[in-house]
Amino acid sequence: THDVRSDPHFLCGGQAHQHTMSNCRGLTIHSAILAASGFPVGFRTSRQGESEHQCYETLLRFMFAYCFTVSGAAHLGLDRIIFCSDRGYWTPALILLILSFGGTVFGTIKRSYWVPFTYNQKRQDKREQIETKYGRSIFVAFSRWGEYMLKIMAWRGGTGNVSLAMNSDCSEDQLVTMEFKLKNSADAKWYHDKDLTRDQRKLKAFQQISGIDISKEDLDKVDAHIQHSLNVVMLTCTDLDFMWFTLRMFAITSSSSVASIKRAAPHIPPTAPNRPAFVNVLGYSGLLSHLGSLN
């Protein structure tokens, strides 16, 4: 360890990085993992004088070299392959490289000059400043890069944080369908206040998101814009009401699926063909005791 810290060339050509939390200096290994299975398909160590973009590109070309064997078909080499990387990797050059090969980019991104949204920054530029103190909201913008289109999204969680993400698998005419739900369960008290009229209830709900006062005269315009132009679906603030059951009548939630498996498990005999599946699921979730006799 002493030699690594004192001599940057000790790493045999590898690029040394300082790990802040553990206060150690060493190599950085970049990995490529299949998202569905978690199976590793590629590793590469950063070389001295090499940027993360160059390391990423070298690893990409090595893994998918077989896709570029047909002359003139490089623009389709990564067709139907989605790249989901950590936000620190995404640079305009890397995004354009993947898109030019026919790939799809998807993932979180950092605040940058090419991202149309930002937060907690006092810079005066054309990016939209998102206030972090208001309720849950999603902001969507489309950024055209030559012949390519990126959908940029900013999610305000309602707890003082904002997350940025992008997706190249989009078209400019796409709209976002959202469920309107306030962040605090206590909001259900005023939502169900019998003294509030329907218009007063909607006004107060909109004000929770916008952070500004909305007059009753503007309610119809706001209602039309949010529900029709932005394609937002207005729901109630609470679960287990009639709307909640209506929307989920053909869906299986996590709680209902667990309850169904736990109720069926005691009746699955050892000779049943689906017994191994129950053993795997219940064993993984720590519920193996619900299964019938193991003998």
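The values are calculated or read from the model by the stated rules, or taken from the named source; none is laboratory data. Quantities reported herein were computed from a predicted structural model and do not represent experimental measurements. Here the Cβ is made from the backbone with ideal geometry for all residues, glycine too, and neighbour counts use every protein chain on show. The accessibility values were calculated without ligands, DNA or RNA, using every heavy atom of the protein model including side chains. Shrake-Rupley method; radii C 1.70, N 1.55, O 1.52, S 1.80 Å.
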Which of the residues belonging to the stretch 62-112 are modelled with pLDDT under 85 and polar (S, T, N, Q)?
-> T69, S71
For the stretch 82-111 the number of residues that are surrounded by 14 or more Cβ atoms within 10 Å (Cβ to Cβ), closer than 23 Å to L164 by Cβ and not polar (S, T, N, Q) is 17
Look through the stretch 5-35, keep the residues that are among the β-branched types (V, I, T) and more than 16 Å from R47 (Cβ to Cβ), and return whichever of them is modelled with the highest pLDDT.
-> I33
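Conditions (1) modelled with pLDDT of 85 or more; (2) within 30 Å of K189 (Cβ to Cβ), marked per residue:
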{"position": "W244", "(1), (2)": "no, yes"}
{"position": "T271", "(1), (2)": "yes, no"}
{"position": "Y284", "(1), (2)": "no, no"}
{"position": "L287", "(1), (2)": "no, no"}
Which listed residue is closer than 28 Å to G13 by Cα, touching a Ser or Thr at 6+ places or on another chain (Cβ under 8 Å) and open to solvent by 80 Å² or more (accessible area, probe 1.4 Å), from I33, I29 | I29
Report, by residue number, each residue of the stretch 82-97 that is touching a strand residue (DSSP E or B) at 6+ places or on another chain (Cβ under 6 Å) and touching a residue at least 40 places away in the same chain (Cβ under 8 Å).
-> I82, C84, R87, I95
Just checking, how many residues over the stretch 113-122 are surrounded by fewer than 14 Cβ atoms within 10 Å (Cβ to Cβ) and under 30 Å from I82 (Cα atoms)?
-> 1
Tell me which residues, restricted to the stretch 123-137, are surrounded by 15 or more Cβ atoms within 10 Å (Cβ to Cβ) and assigned to a strand (DSSP E or B).
-> S137
Find all pairs meeting these conditions: Cβ atoms under 6 angstrom apart; at least six residues apart or on different chains; first residue within the stretch 22-46 and in a strand (DSSP E or B); second residue basic (K, R).
-> R25/R5; H30/R44
For the stretch 119-139, does any single residue satisfy the condition of being within 18 Å of the chain's Cα centre (by Cα), in contact (Cβ under 8 Å) with a residue 60 or more places away in the chain and over 12 Å from S168 (Cβ atoms)?
-> yes
